[in-house]
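S.K.: There's a structure below that I have some questions on.
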Amino acid sequence: MNNLKDNFGRTFPYIRLSISDVCNFKCGYCLPNGYQVDKNDQRKFLHLDEIRRLAIVFSKLGVRKIRLTGGEPTVRKDFFEIIKILRNEADIKKIVITTNGYHLDKKAKKLVDSGLNGINISIDSLDRKVFKNITGHDRLIEILKGIQDLQDLNFENIKINAVLLKNVNASEKDFEEWGDFIKKNKVDVRYIELMQTGDNLNYFKKYHVSSKIFKDYLSRNNWIFQTFGKDAGPSLNYINSKYKGKFGIIAPYSKDFCKTCNRLRITSRGDLRLCLFGNTGISIRHLLQKDEQIVELQDLILKQMKFKKESHYLELGETGLTKNLSTTGG
Ligand code: SAM
Ligand code: SF4
């Protein structure tokens, strides 16, 4: 049973847990200068025992799915240990990750063996040069090889996220390249509309484009909108019988985006965030220190639910606490 309910009738069976702010890429919209080490900061990300308690508490409250994200979640040395703990010590049915795919070719087998239930890989372009320009890394080939390896190992749930960027990866040719890719591969490709954050206003102004251009492309090319399923996330999915994979659109500025919200977020330092954007968030880390605190923590989380707002108010330019998405996990 899910006890996490807000004032607008939404329930929350899903959390996104950021396990590190550190990232090894330099995506222009997120960390254009790479992760900056702050000498005064001890980089104290949630440790294994805290993550274990967190997962136990949320599973008691009805959470069945956890997404590990970051920063880049796979940079943590104990990354596979974290998956093991979620799997063995809490009643979490689905463990999934969002990754930039760094060294995916080297990690594919281990990821499959870990029992992971799904992987979202961020690839903004299938053009090697464009990919390098956006991320600061010439790693497209190893990532594509990693995706092939995952498929060869019969790993099923692979999704690709691409941030839609005006005059960079948003042309008919770009869409067609992805079309060719999902014709051959049972992989879903979703374009995410670029979001404004506290740090990226100029970038946003230069590159933001409405996802309508992709929607129109899909309509022109006989892609059929698939209605929402029970476990639907915010992606609008499109199918075409000639293709193995689906296309999707994640449009955070669209009118009804927040209506289907089914997730809460935890930052790598143990703040509960009720929304990716907005100012509502409190630290719950002090209640992650001992097993005996579990009931108290459950209570605190339940009380927070009434503060979840109906919408992110992003369309009003409100970005709340979010400087960039590496701190809250995208
Ligand atoms: N490092 C991992 C990755 O890139 O997949 C996980 C964290 S990243 C913050 C999660 C997702 O957020 C990625 O798909 C990324 O492209 C997306 N993202 C980051 N900043 C964004 C922004 N300003 N607007 C839209 N999507 C963004
Ligand atoms: Fe790193 Fe992901 Fe942000 Fe890119 S989007 S800089 S890979 S955290």
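The values are calculated or read from the model by the stated rules, or taken from the named source; none is laboratory data. Keep in mind it's a predicted model, so treat the numbers as computed, not measured. Cβ atoms come from the backbone with ideal geometry, glycine included; neighbour counts cover every protein chain shown. SASA here: full protein model, heavy atoms, side chains in, ligands and nucleic acids out. Shrake-Rupley method; radii C 1.70, N 1.55, O 1.52, S 1.80 Å.
S.K.: Compute the longest continuous run of the chain that contains no exposed GluC sites (Glu not before Pro); treat a site as exposed when its DSSP state is not H, G, I, E or B and it has at most 13 other Cβ atoms within 10 Å.
M.R.: Free of exposed loop sites, the longest segment is 1-155.
S.K.: If R₀ is 22 angstrom, what is the calculated FRET efficiency for the pair L48 and L302, using the beta carbon separation as r and rounding to 0.05?
M.R.: Numbers: r = 25 Å, r/R0 = 1.14.
Step by step, r from the Cβ atoms, then E = 0.30.
S.K.: Can you pick out the pairs among K184/K206; K65/K159; K84/K306; K205/K259 whose Cα atoms lie more than 22 Å from each other? The partial results should precede the final answer.
M.R.: Details: K184/K206 33 Å; K65/K159 16 Å; K84/K306 32 Å; K205/K259 26 Å.
In this structure, K184/K206; K84/K306; K205/K259 lie more than 22 Å apart at Cα.
S.K.: Using a 1.4 Å probe on the protein heavy atoms, what percent of the accessible area of the chain belongs to carbon and sulfur? Don't skip to the answer; put the middle values down first.
M.R.: Values: 7880 of 15640 Å².
Taking all protein chains in place, the chain shows 50 percent carbon and sulfur surface.
S.K.: Can you work out the accessible area per residue across the stretch 118-226, with the rest of the protein chains kept in place, probe 1.4 Å, in square angstrom? List each step's numbers first, then the result.
M.R.: On the way: 5290 Å² over 109 residues.
Solvent-accessible surface per residue comes out at 49 Å².
S.K.: Also, I was wondering about something else. Based only on the alpha carbon positions, what is the Kirkwood hydrodynamic radius of the stretch 14-327, in angstrom?
M.R.: Working: mean 1/r = 0.0494 Å⁻¹.
That comes to 20.2 Å for the stretch 14-327.
S.K.: Right, something else. Taking all pairs of different Cα atoms in the stretch 194-248, averaging 1/r and flipping that mean, what Kirkwood radius in angstroms comes out? Don't skip to the end; give the middle numbers.
M.R.: Numbers: mean 1/r = 0.0753 Å⁻¹.
Result for the stretch 194-248 stands at 13.3 Å.
S.K.: Which value in deg cm²/dmol, rounded to the nearest 500, describes the helix-derived mean residue ellipticity at 222 nm for the chain, given -39,500 (n - 2.57) per DSSP H run of n ≥ 4 and division by the residue count? Let's see the in-between values first.
M.R.: Numbers: 9 runs with 95 residues, N = 330.
For the chain, the value works out to -8500 deg cm²/dmol.
S.K.: Taking θ = phi - 60°, what integer Hz values does the Karplus form 6.51 cos²θ - 1.76 cosθ + 1.60 yield along the stretch 137-148, in sequence order, with x for Gly and Pro?
M.R.: Here the 3J(HN,Hα) series is 9, 8, 10, 4, 4, 5, 6, 5, 5, x, 5, 4 Hz.
S.K.: What are the ³J(HN,Hα) couplings of the stretch 208-225, residue after residue, when phi is run through the Karplus curve with 6.51, -1.76, 1.60 and θ = phi - 60°? Round to Hz, x for glycine and proline.
M.R.: So the Karplus estimates, Gly and Pro as x, are 5, 9, 5, 5, 4, 4, 6, 4, 5, 4, 5, 5, 5, 10, 6, 7, 10, 5 Hz.
S.K.: Largest first and in whole Å, give the semi-axes of the stretch 27-144's equivalent ellipsoid, each being the square root of 5 times a Cα gyration tensor eigenvalue.
M.R.: Working: eigenvalues 155, 70, 29 Å².
Three semi-axes, in Å: 28, 19, 12.
S.K.: Which residue fluctuates the most in the chain, going by a Gaussian network model with Cα springs under 10 Å, if the choices are I56, I224, I266?
M.R.: Result: I224 has the largest fluctuation of those listed.
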